[in-house]
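Please treat every number below as a calculation from the coordinates, not as lab data. Worth saying up front: this structure is predicted, and the values here are computed from it rather than measured. For neighbour counting, all protein chains shown are included, and Cβ atoms are generated from backbone atoms with ideal geometry for every residue, glycine included.
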Amino acid sequence: MIELQNVSKSYRTDTIETLALQHMNLSVPAGEFLSIMGPSGCGKSTLLNIMGLIDEPSEGTVALAGKEVTSYNGTKVARFRNEQLGFIFQSFHLINDLSVVDNVELPLLYRRVGAKERKRLSLEALEHVGLSNRARHFPTQLSGGQKQRVAIARAIVGRPNIILADEPTGNLDSHMGNEIMEILMRLNKDLGTTIVMVTHDERMAKKTHRLVRLSDGERVS
Ligand code: ADP
Ligand code: ADP
């Protein structure tokens with residue numbers, strides 16, 4: 001489902017070059033729930049951004065869902081990202097002046113989905129995360145765990161094959177963190193969604209199928 005071959009990424013400024021990833025090979029089969037751990041600055045976000053087609057590798061190739069995407073142009077990347085990928089972030093990234101249901105339907109606005117169908121799919125996604133009763137609320141009226149559930153609904157509303165999650169439980173207490181993990185595990189199991197999750201929490205990582213550790217831009221396990 002996700003295939004990285006010999007991927008390197010360097011960031012250049014006038015004076016310094018930072019090697020964020022070095023010769024990374026990683027293969028994530030369809031249906032896997034993979035976690036990624038490693039110390040701050042080891043390249044976890046860079047790796048996730050490259051898998052998510054937010055960042056381009058300096059070297060190497062990326063294939064997603066059987067398509068070699070490294071050569072795609074901007075428009076094609078944007079469409080592919082919208083159709084195949086869902087993103088979840090530590091800080092939720094919700095839009096505070098849109099209602100919950102309006103936040104959830106955002107990915108569908110980029111497609112030719114009519115207003116009524118957008119609403120139906122969004123309410124269905126909210127039901128999936130147990131938040132149907134908050135559809136008309138605004139993000140500022142929700143707890144952290146609820147905000148993250150809205151973000152998950154938004155990530156799944158377009159039925160992506162892959163979900164990329166950057167420390168989804170990082171801002172939550174352990175109770176809410178566990179709830180979020182339960183939802184992700186259910187998505188993975190019931191819908192077969194491939195999930196790659198960056199985490200600092202060994203207990204969360206233990207619940208996934210496989211753990212890859214990074215250090216200084218390289219895989220150490
Ligand atoms: P992690 O997510 O594991 O904390 P990152 O992927 O954010 O690590 O960063 C990996 C390395 O790349 C770090 O040394 C970081 O300082 C550097 N880096 C990340 N983004 C940039 C950027 N936009 N410009 C320059 N250096 C960057
Ligand atoms: P938790 O204990 O899970 O952190 P909160 O105590 O933050 O949850 O919120 C409890 C309930 O009250 C939640 O269901 C939330 O939707 C609602 N709520 C929280 N803050 C507000 C607010 N400012 N306006 C309206 N409802 C709110």
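What are the residue pairs meeting all of these: first residue in region 128-146, first residue within 23 Å of Ser174 (Cβ to Cβ) and near ligand 2 (Cβ under 6 Å from one of its atoms), second residue of a type outside the set (Val, Ile, Thr) and in a loop (DSSP other than H, G, I, E, B), Cβ atoms under 6 Å, and 6 or more apart or on different chains?
Listed by first residue and then by second, the contacts come to Gly145/Leu172.
Would you mind stating whether Ile36 is within 13 Å of Ile162 (Cα to Cα), crowded, with 17+ Cβ neighbours inside 10 Å and among the β-branched types (Val, Ile, Thr)?
Working: within 13 Å of Ile162 (Cα to Cα): no; crowded, with 17+ Cβ neighbours inside 10 Å: yes; among the β-branched types (Val, Ile, Thr): yes.
Criteria not met by Ile36.
Inspect all residues belonging to region 66-85 and state whether any of them is within 16 Å of ligand 1 (Cβ to nearest atom) and surrounded by 14 or more Cβ atoms within 10 Å (Cβ to Cβ).
Among the residues of region 66-85, not one is within 16 Å of ligand 1 (Cβ to nearest atom) and surrounded by 14 or more Cβ atoms within 10 Å (Cβ to Cβ), which makes the answer no.
Given the structure, is Ala205 in a helix (DSSP H, G or I), away from ligand 1 (no atom under 16 Å from the Cβ), crowded, with 17+ Cβ neighbours inside 10 Å and within 20 Å of the chain's Cα centre (by Cα)?
When the stated conditions are applied, Ala205 does not pass them.
So which strands (runs of 3 or more DSSP E) are wholly in region 10-114 and hold at least 3 residues that are more than 24 Å from Thr208 (Cα to Cα)? Show your work before the answer.
Numbers: elements: 17-28, 33-37, 59-64, 85-89.
Passing ranges, in order: 17-28, 59-64.
Looking at region 1-56, which of its residues are on the phi > 0 side of the Ramachandran plot, more than 11 Å from ligand 1 (Cβ to nearest atom) and more than 16 Å from the chain's Cα centre (by Cα)?
Passing the criteria: Asn6, His23.
Kindly indicate which of Thr70, Thr61 is farther than 25 Å from Ile183 by Cα and free of Cβ contacts under 8 Å to residues at least 24 places away in the same chain. Lay out the reasoning, then the answer.
Values: Thr61 fails: free of Cβ contacts under 8 Å to residues at least 24 places away in the same chain.
Being farther than 25 Å from Ile183 by Cα and free of Cβ contacts under 8 Å to residues at least 24 places away in the same chain holds for just one of Thr70, Thr61, which is Thr70.
Given (1) among the hydrophobic types (A, V, I, L, M, F, W, C); (2) more than 25 Å from Ala30 (Cβ to Cβ); (3) out of contact with any Ser or Thr (no Cβ under 7 Å at 6 or more places or on another chain); (4) away from ligand 2 (no atom under 16 Å from the Cβ), identify the lone condition not met by Val150.
All conditions pass for Val150, except number (4).
Counting only residues that are in contact with a Ser or Thr (Cβ under 7 Å, 6 or more places away or on another chain) and aliphatic (A, V, I, L, M), how many does region 6-23 have?
First pass over region 6-23, keeping only residues in contact with a Ser or Thr (Cβ under 7 Å, 6 or more places away or on another chain): 8-11, 17-23.
With the extra rule that they be aliphatic (A, V, I, L, M), the set shrinks to 19-21.
Going through region 6-23 one residue at a time, the tally reaches 3.
Mind listing whichever residues of region 180-202 are free of Cβ contacts under 8 Å to residues at least 40 places away in the same chain and surrounded by fewer than 19 Cβ atoms within 10 Å (Cβ to Cβ)?
Passing the criteria: Glu182, Arg186, Lys189, Asp190, Leu191, Asp201.
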